[in-house]
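Structure record follows, encoded as structure tokens.
The values are calculated or read from the model by the stated rules, or taken from the named source; none is laboratory data. In this text the structure is predicted, and so the values were computed from the model without any measurement. So basically every Cβ, Gly included, is an ideal-geometry build from the backbone, and we count neighbours across all protein chains shown. Only protein heavy atoms, including side chains, enter the accessible area calculation; ligands, DNA and RNA are left aside. Shrake-Rupley method; radii C 1.70, N 1.55, O 1.52, S 1.80 Å.
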Amino acid sequence: ATSEEEADKLILPVEEKIRSVLGDAVYGINDDSLYTVCFNMLKDNNLKVSFAESCTGGMLAMNMTDIIGSSAVIETSVVTYCNDAKMKYLGVDKDILDKYTAVSAQVAKQMAEGQVKSSGADVAVSVTGVAGPGPDADGNPCGLVYIGIADKEGYSESFEFHFAGSKRKIRNHACMTAYNVLRLYLIKKL
């Protein structure tokens, strides 16, 4: 092509074909990131998000607050690394923690439910897991991560993931996956 406009015209049918094959696995083009895509979806629909993090240690909030104007979409965020904090700030049930451990689908779900309730946000995302370098005190393997999502209308769900690599890589995978869970939720809701 001799110009950017000509190149865009040439690539359009290829992009359409790729999108038709990959569906909602495609989240953006050019400089889009999962963070900016979620930010724009939230902002465009006047929705607020809140985060409840454990193993990611604040990465969800950090990535969103790196975007200019993020105060328009973030209601609040908490890092509840220990079980006492999960109970105190998110209302996670002690019996659930004792029975299933902090790294469980049940706890991820309760974390998201508690955060959406306490924050007043439209939707909350939670992450709990074992980033390593080895298994946790309860025997949960390194790389096991649960992501929860809940909204103010009563929907809540949690998902199990297994990641490999260093602590940093596991935390990054968990963060990206949590944003993708949020993105897919917003696609269905909107």
Selection within segment 1-47 - charged (D, E, K, R) and either surrounded by 12 or more Cβ atoms within 10 Å (Cβ to Cβ) or touching a strand residue (DSSP E or B) at 6+ places or on another chain (Cβ under 8 Å) (or both) | Glu15, Arg19, Asp32, Lys43
Would you mention how many residues in segment 10-56 are farther than 24 Å from His162 by Cα, touching a residue at least 24 places away in the same chain (Cβ under 8 Å), in a loop (DSSP other than H, G, I, E, B) and among the polar types (S, T, N, Q)?
-> 1
Has segment 99-109 got any residue that is polar (S, T, N, Q), in contact (Cβ under 8 Å) with a residue 40 or more places away in the chain and out of contact with any Ser or Thr (no Cβ under 7 Å at 6 or more places or on another chain)?
-> yes
Among the residues of segment 146-190, which ones are more than 14 Å from Gly129 (Cα to Cα) and in contact with a strand residue (DSSP E or B) (Cβ under 7 Å, 6 or more places away or on another chain)?
-> Ile149, Ala150, Asp151, Ser156, Glu157, Val181, Leu182, Tyr185
Where residues in segment 137-190 are open to solvent by 70 Å² or more (accessible area, probe 1.4 Å) and in a loop (DSSP other than H, G, I, E, B), which of them is nearest to Tyr27 (Cα to Cα)?
-> Leu190
